Amino acid sequence: MALTARQIDTAKPADKDYKLADAQGLYLLVKTSGAKYWNLKFRFGGKEKKLSIGVYPSVTLAQARSERDRARRMIAEGTDPSHAKQAKKRALRESTASTFKAIATEWFAHKARTWTARYLADQQARMENKVYPAIGHRPVSEIKPLEVLHCLREVESEGKLETLRKTRQICVQIFAWAIVTGRATSNPADYLNTALLSPARQNNRSLTAEQLPGFVRDVMQSVYFMAKGTRLLMLTGLRTGEMRLGRWDEVDFDKALWEIPKERMKKRRPHVVPLSRQALALLVELKALADATRSPFILPSALRADKPRGRRCINDFLIQTGWHEYTTAHGFRHTFSTLAHDNGFNTAWIELQLAHVDKNSIRGTYNHAQYLDDRRAMMQWYADMLDSPAPQS
């Protein structure tokens, strides 16, 4: 006999759990605590099974019967309703664990092994400030290109086009991570550069072989402290941050080597820089200045010996000398790479000198002793060329 609402309401707990049957396998389980649970008993694949439907009175008698009927239709169609329910729960859990922010957090953890702590913090802050408020809570598989575009338009409206470029680039990589790990099938940040403004590519400015004689005359022969720093940057092929944070305990004057620990490198790999005679002589000059102030830094701050020079120190010097129109601090690396390639030096030597990760899986095994003698000869050639009256490509 089918249950009535009155029977359900008046059912009292007993010494043991007991069941009140409704019809077609539906029953109400009354617990000793007084809680009342709807369940459905059914057979599937020759086995007796149970489907939990809900708790009374949150799930009414009418709702429980509706769920029973839906489950019976699924059985008739060859679907196990208990499996379907578990799959739905699993999908919900995966959806919650696959929001853009969750995927991004996972991706950042992966990249932390190769990025410096400062660079990682910068990228995470960019997502926290610019992206998470708009799409961080959204399941990554459901995000559409228009949502990402609207998010990036906010950055564009601020006029920060370089920030916009970097933000979109990080979004592209996070969505790509979602794809390769099976949480998404498309990348909604792809192609958005066609709908967004691009920054002026100032970092592409670099000296040509024809400009080098004038640069050497105006800047490289200057006695100013930052001229020495600029010259050292050119003679080593380092990034500005790698040089200005350099410490004296990293330099081996006897072996003419500068060994930079992985914590300070962009790719989190230790880097060994062979020093030309000119670079070594320049470091000797700088060491004498540092000894006078007892600074541990190769390029100490002008105000505090216990601090390094500021991030823009080289570019500020180039502005003061009028050469920033033609090159940036980062552009020196491009100048070195271009001239070294043009003069027939091995690409692997050049890439190792620039601390790039070789994409070739075999050569990409980063062995700092590899090509050290060859790189030393290359950097001596480059230093001699910079010293010549009219450098040629």
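The values are calculated or read from the model by the stated rules, or taken from the named source; none is laboratory data. Here the structure is a predicted model, which is why all the values come from computation and not from measurement. FYI the Cβ positions are ideal-geometry reconstructions off the backbone, even for glycines, and counts take in every protein chain you see. Surface accessibility is based on the protein's heavy atoms, side chains included, excluding ligands, DNA and RNA. Shrake-Rupley method; radii C 1.70, N 1.55, O 1.52, S 1.80 Å.
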- Task: Considering (1) over 30 Å from A178 (Cβ atoms); (2) basic (K, R); (3) free of Cβ contacts under 8 Å to residues at least 24 places away in the same chain, say which one R72 fails and leave the rest.
- Result: (3)
- Item | Selection from the stretch 188-199 of residues that are in contact with a helix residue (DSSP H, G or I) (Cβ under 9 Å, 6 or more places away or on another chain) and open to solvent by 30 Å² or more (accessible area, probe 1.4 Å) | D190, Y191, N193, A195, L197, S198
- Under 6 Å between Cβ atoms, at least 6 apart or on separate chains: pull out the pairs that start in the stretch 256-269 with a residue that is on the phi < 0 side of the Ramachandran plot and part of a loop (DSSP other than H, G, I, E, B) and end on any residue that is open to solvent by 50 Å² or more (accessible area, probe 1.4 Å) and not aliphatic (A, V, I, L, M). P261/P270; K267/T114; R269/K262
- Filtered residues of the stretch 372-393 (kept if open to solvent by 70 Å² or more (accessible area, probe 1.4 Å) and modelled with pLDDT under 85): P389, Q392, S393
- Message: Being under 34 Å from the mean Cα position of the chain (by Cα) and either modelled with pLDDT of 90 or more or closer than 24 Å to A383 by Cβ (or both) is true for just one of L318, L283. Which residue is that?
- Response: L318
- Note on the structure: Note on the stretch 10-41: residues assigned to a loop (DSSP other than H, G, I, E, B) and touching a Gly at 6+ places or on another chain (Cβ under 8 Å) are K12, P13
- Verdict on K41 being over 20 Å from E77 (Cα atoms) and in contact (Cβ under 8 Å) with a residue 12 or more places away in the chain: no
- Restricting attention to the stretch 234-259, and to residues there that are closer than 15 Å to P270 by Cα and touching a His at 6+ places or on another chain (Cβ under 9 Å), which single residue is most open to solvent (accessible area, probe 1.4 Å)? E259
- Query: Restricting attention to the stretch 12-28, which residues are surrounded by fewer than 16 Cβ atoms within 10 Å (Cβ to Cβ) and either without any contact (Cβ under 8 Å) to a residue 12 or more places away in the chain or within 17 Å of A2 (Cα to Cα) (or both)?
  - Reply: Y18, K19, L20, A21, A23, Q24
- Out of R294, R277, which single residue is modelled with pLDDT of 95 or more, surrounded by fewer than 18 Cβ atoms within 10 Å (Cβ to Cβ) and of a type outside the set (D, E)? R277
- Message: Out of the residues in the stretch 49-85 meeting the condition of being closer than 15 Å to L26 by Cβ and among the small types (G, A, S), tell me which one is surrounded by the fewest Cβ atoms within 10 Å (Cβ to Cβ).
- Response: A62
- Mind listing whichever residues of the stretch 98-135 are at pLDDT below 85, open to solvent by 60 Å² or more (accessible area, probe 1.4 Å) and not hydroxyl-bearing (S, T, Y)? R113, A117, R118
- Test: R183 is open to solvent by less than 70 Å² (accessible area, probe 1.4 Å) and basic (K, R): yes
- Note on the structure: Of the residues in the stretch 315-356, those that are among the hydroxyl-bearing types (S, T, Y) and either open to solvent by 10 Å² or more (accessible area, probe 1.4 Å) or part of a helix (DSSP H, G or I) (or both) come to T321, Y326, T335, S337, T338, T347
